[in-house]
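Have a look at the structure below before the remarks.
All of the numbers you see were taken from the coordinates with simple rules; none came from a lab. The structure displayed is predicted, hence computed values, not measured ones. No Cβ is skipped: glycine too gets one built from the backbone with ideal geometry, and neighbour counts run over all protein chains shown.
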Amino acid sequence: MIAELPAGLILVAAGLALPLLPRAARSPVAAAAPLLAFAQLLWIGPGYVLEKDAFGFTLQLVRTDRLSLAFGYIFTIAAFLNAIYAWRVREGIEPPAALVYAGTALAAVFAGDFLTLFIYWELSAVASALIVWAGGSARAYGAGMRYMAVQLGSGMLLAAGAALRYAEAGSLAFEHVGLGSPGGALLFLAFGIKCAFPLLHNWLQDAYPEASATGTVVLSAFTTKLSIYALARGFAGTEMLIWIGAAMTAFPIFYAVIENDLRRVLAYSLNNQLGFMVVGIGLGTDMGLNGAVAHAFAHILYKALLFMSMGAVLLRAGTVKGTELGGLYKSMPLTAGLCMVGAASISAFPLFSAFVSKSMVLVSAAEQGYTFIWLVLVFASAGVFHHSGIKVPFFAFFAHDSGIRCKEAPAHMLVAMALTALLCVGIGVFPGALYAILPMPVDYVPYTASHVLAQLQLLVFSGLAFSWLKRRGIYPPEMRSVNLDADWFYRRLGLRMARALAALLQRLFDAGREASRQLGEAGAALLERLHGSEGVLARTWSTGGMALWAAILLAAYLLLYYADKVDRGFIFLLILPFLIGALGLWADSRRRDDD
Amino acid sequence: MSAEQLPALVVVAPLVAAPVALLARRALPAWMVATAACGFSFVAALALAVQVTSGGAVSYALGSWPPPWGIEYRVDVLSAFVLVLVSGVATVVAPFAWASASAELERERLYLFYALYCLCVAGLLGMTATGDAFNLFVFMEIASLSSYVLIALGRDRRALLSAYQYLVLGTIGATFYVIGIGLLYLMTGTLNMADMAARLSDISSTRPVLAALAFITVGVSLKLALFPLHLWLPNAYTYAPSAVTAFLAATGTKVSVYVLLRFYFGVFGTRIVLEELPMSQILLALSVVAIVTASLVALWQADLKRLLAYSSIAQIGYITLGISMASREGLTAAVVHLFNHGITKGALFLLVGGVALRAGHAGFDRLQGLARTMPLTSLGIVIAGLSLIGTPGTAGFVSKWYLVLGAIEAGRWWLAAFIVATSLIAVAYIWRFVEAAYLAPLGGATPRAGEAPAAMLVPAWILVAASVWFGFDTSYSVQGAARAAALLLQ
């Protein structure tokens, strides 16, 4: 029976049932449902297909293979960890929305055709917008609206692309698509929006930090990784993705450096990490794809861990502004330690998860001869270490003491963080388990002397530089100490340039936004003048005016019909009585209106 | 009761019920007669639908005069499809009318209301069932005259002016139609539509026939409210009693679309209408303008009922858009949207009727925080609204899907993009309701009397459920429409 139910729908059903359950039962159910779905996935394994006829098509509601299962496993694991982390959140829309969101994303991963994918794509968009709104502030409301508009827009493009694809290929099956057709291009754009491609990314940094402490953790896991899966399925080996991905890894760094809201810093670094996966997909080699999937798997965990730790800080200290925090390690030593596990993981320290996943993408890029891309990725790796590895834990837990004294994070949060940290370290120490579930056979050994040494070099030198500059007092503590980063690319560019570049980009964006706002306002004003309640198209017309239209249309039809047999006199005679009658009626009603 | 008599019985039941209701002179018996007649017609229409699907068209010669001399009632796949929609909606609206009309009308006029309702139903069913062009005019007048009076019964004083304007425009439409029929009779000497089609094939390009086509096109376009002949519709729908709006919005314009399809494809023939004349281009242009302007006007309306009226004009644009494609996909989309929009808009107007009962009218100032006092009504409006937008899992999605397919099949990518893009305007105007009902705090003018009575909620929710059901199970709606499209293109 359970096997008949798509795994995602188990979560959706649990989510919908949640508000009806007694309060005490809600959190256990929210945690048990992902475990059940996980067990089901293990049980059905690859090669399972569930089909159903609807809309006149045969829909593949479930299709499992190694690619979708890898994402399925991590989605259920993430949903479980989220449920533990949010154990105390029992009221409101957020817990059911989180489960429905996770469930629809999970179901979307197993969708075997574009129609099924589209349905879950849209449902997950709506559910996740509810999570943003659950943040509760006015900013969260606005961000949620923008978020939903973007997500639904992506769904519209997906629907249009699927329809075109159906017309081109005669099939809705979700297989490799490629960019060669208009349908493919629309699908690419739809996935790209959800994946936060450069210039399509703003919704992410806009919305995620506005959700609640628990909501952001949920949001960070699914939406973008669903699109990574969709890209891997439909566009593996598309060269454009390599360049897009490289840009994605590099540009958020500038923003992350100057951002003060630590959850927003993490949102930027989320964007940057997605870039590595996009590059891997663009390379399209076995190792590139494996790297992308492995990195997505590892990334969901350490990013969740980082967001969880910042969520705990937000809960206890009431803020995640870098300038207002500091010295929290005294109050929250466990959270600080777990946050540093996440930081080490995202920075790809040996024995931590990203070390065994991200390097597959880098090696693959180097093997394919993309030296420039490889350099960009190395630069981006250093940037990650800087803003997620050093900046986030340093500002929150160390730096100057802000004087905030609060309680340690609640037990359920610590449990969730500890479990997540355990997985991060587990993957780093025993990469074989992760490699075993990757879509392609793995022929890669992460722990070679050169790899470990090179990575340590990168990390140790940055650490040295950091402490040296700190001791010499060259950089005053707050914002500028941030810029003591690891590798020489970054140092040579310098914070000043980063800031200038960011400021320039910001100004360009602002100017563009202002121009489009003015254009939009002018357009909206014109539309309202025409269509608004007093507009010419919305007014109640006089009876004669209405009749006049009938006469005009009749005249137009007759003229068009007779266009090739010109006998204007006949037409004129035919329509004249009506014109006179209509004009008379119109004049009459005008006169009466004036009275 | 044998199958041959069903085409007549479908129409006769409400036609006979009207004078009976009048003679009863009391509300309750009149209502019971009206409801029973509608229900009987519905059952008969369903039986007919089964019959024509398996055994082909059913013909009934009135007074045993064989066609083409006598009046023929002829029901094929398309007319059975429309008969089921009209009689089905009439049956669902009748119980709703008991609570709604009792609240909105004076008690001593109620029996008149039910008599007129029966007449209107009979007129619309007759227009669909008959195979005789002049008989169609008679039923068109029966349906129109009764609907003028029904609209004028609205309690807002502006209802009278709206009904008067509708009367003038509707009469012009009917006159144009009958002039067209006159010209056709002149040229063919017959009024039977099938006979007419056979005789027209030789003389289809002559001047009087073309004039007839123009008159019938404009006349019927007035009745189905095609832009720019839609101007009578917003006020008529806004100020009519709730039950009347729901019934007319779901069926009135739809039957006129049916008449247009009949004449274009059944009488004049595709060759002259779509190949020799620029009809499809004109229809396409008018549909596109209708969709855009009416949707945008809907966006700025201050009253939900009026907003939905403008949305109806836009949705009719989608139907005529499908007709203008003149392909199998396009016609399937048009016929299936005729059905799907009928049930969706019926559901919406019934629910808004519930709001109007509690609040007096459905202005947006009365809807602030409505979800708290009328949760079922609000939820129903949102679900039916999703169907109006064309969200997957609702009936509206199915029609839009076929419309997009038709556009792509014809190689018109821009049209496919246009259909998807204009759905966004529908998202915006439905969102206005969501924002008012769910996100705004409870307003001072919002009704606090609680949900609408069950007699109104249940019929409304039947149509809401139908608009979800037909989003998943398309075996009836799409297959019926596809069969009808195949028949039209023969």
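For the stretch A:226-240, backbone nitrogen atoms closer than 12 Å to the point 7 Å from B:TRP413 Cα along Cα-to-C-beta are found at no residue.
For a quick check: sort B:CYS38, A:CYS424 by the number of other beta carbons within 10 angstrom, fewest at the front. List each step's numbers first, then the result.
On the way: B:CYS38 29, A:CYS424 25.
Ascending Cβ contact count within 10 Å gives the list A:CYS424, B:CYS38.
Can you pull the Rg over Rh of the stretch A:1-235, Cα-only, Kirkwood? That ratio is 0.96, to two decimals.
Using alpha carbons only, how many angstrom separate the centre of the stretch A:56-93 from the centre of the stretch B:67-92? With the stretch A:56-93 and the stretch B:67-92 each reduced to a Cα centre, they are spaced 50 Å. Computed from Cα atoms alone, the Kirkwood hydrodynamic radius reported for the stretch A:278-364 is 14.1 Å.
Given the -39500 (n - 2.57) contribution per DSSP H run of 4+ residues, what per-residue ellipticity at 222 nm results for chain A, rounded to the nearest 500 deg cm²/dmol?
Taken over chain A, the calculation gives -24500 deg cm²/dmol.
In whole Å, what is the distance between the alpha-carbon centres of the stretch A:125-164 and the stretch A:217-260? Comparing the Cα centres of the stretch A:125-164 and the stretch A:217-260, I get a distance of 18 Å. Here the dipole of the protein assembly as shown is about 2420 debye; that uses its Cα centre as origin and unit charges on the Cβ of Lys and Arg (positive) and Asp and Glu (negative). Enter the angle in degrees (range 0 to 90, nearest 10) between the Cα long axis of helix B:375-389 and the first principal axis of the Cα atoms of chain B, meaning the one along which they spread out most. Result, in degrees: 40. Entry note, the stretch B:278-490: relative contact order of 29 percent, from Cα contacts under 8 Å with a spacing of 6+ residues.
Putting +1 on Lys and Arg Cβ atoms and -1 on Asp and Glu Cβ atoms, find which of B:LEU296, B:PHE227, A:ALA502 reaches farthest to the positive end of the dipole of the protein assembly as shown. Final value for the positive-end residue is A:ALA502. Each distinct pair of alpha carbons in the stretch B:328-451 adds a 1/r term; the inverse of their mean, the Kirkwood radius, is 15.4 Å.
Relative to the dominant Cα principal axis of chain A, helix A:182-194 is inclined by about 50°. Exposure proxy shown here: for A:TRP203, A:TRP43, the number of other Cβ atoms within 10 Å sets the order, fewest to most, as A:TRP43, A:TRP203.
Among A:LEU274, B:LEU439, the ranking by other beta carbons within 10 Å of each residue's beta carbon, starting with the fewest, stands as B:LEU439, A:LEU274.
Applying both filters, DSSP loop and at most 15 other Cβ atoms within 10 Å, to the trypsin sites (Lys or Arg not before Pro) of the stretch B:332-427 gives B:ARG412.
Across peptide B:399-412, the mean count of Cβ atoms from other chains lying within 10 Å of each residue's own Cβ comes to 2.
Toward the positive end of the charge dipole of the stretch B:15-126, with +1 on the Cβ of Lys and Arg and -1 on the Cβ of Asp and Glu, the farthest Cα among B:SER64, B:VAL52, B:ALA24 is that of B:ALA24. Semi-axis lengths, largest first, of the ellipsoid equivalent to chain B are 34, 27, 20 Å, with √(5λ) applied to each eigenvalue of the Cα gyration tensor.
Exceedance of the 24 Å cut-off in Cα-Cα distance is limited, within the set A:LYS330/A:LYS358; A:LYS330/A:LYS391; A:LYS52/A:LYS194; A:LYS303/A:LYS391; B:LYS345/B:LYS400, to A:LYS330/A:LYS358; A:LYS52/A:LYS194.
Centre-to-centre separation between the Cα atoms of the stretch B:93-172 and those of the stretch B:245-297: 23 Å. Counted over chain A with a bin width of 20 Å, the fraction of Cα pairs per bin, in whole percents, is 19, 48, 20, 10, 3, 0. Residues whose amide H lies under 5 Å from that of A:GLY284, counting only those 5 or more places away or on a different chain, are A:GLY237, A:LEU289; hydrogens are built 1.01 Å from N in the peptide plane. When the Cα positions of A:HIS201, A:THR335, A:GLN518 are compared along the charge dipole of chain A, A:THR335 comes out farthest toward the positive end, with charges on each C-beta of Lys, Arg, Asp and Glu.
Relative contact order (percent) for chain A, with alpha-carbon contacts under 8 angstrom and 6 or more residues of separation?
Relative contact order for chain A comes out at 11 percent.
Which translational diffusion coefficient, to the nearest whole µm²/s, is obtained for the protein assembly as shown from the Stokes-Einstein equation, given a Kirkwood hydrodynamic radius over C-alpha pairs, 20 °C and 1.002 mPa s? Once the numbers are plugged in, D ends up at 67 µm²/s.
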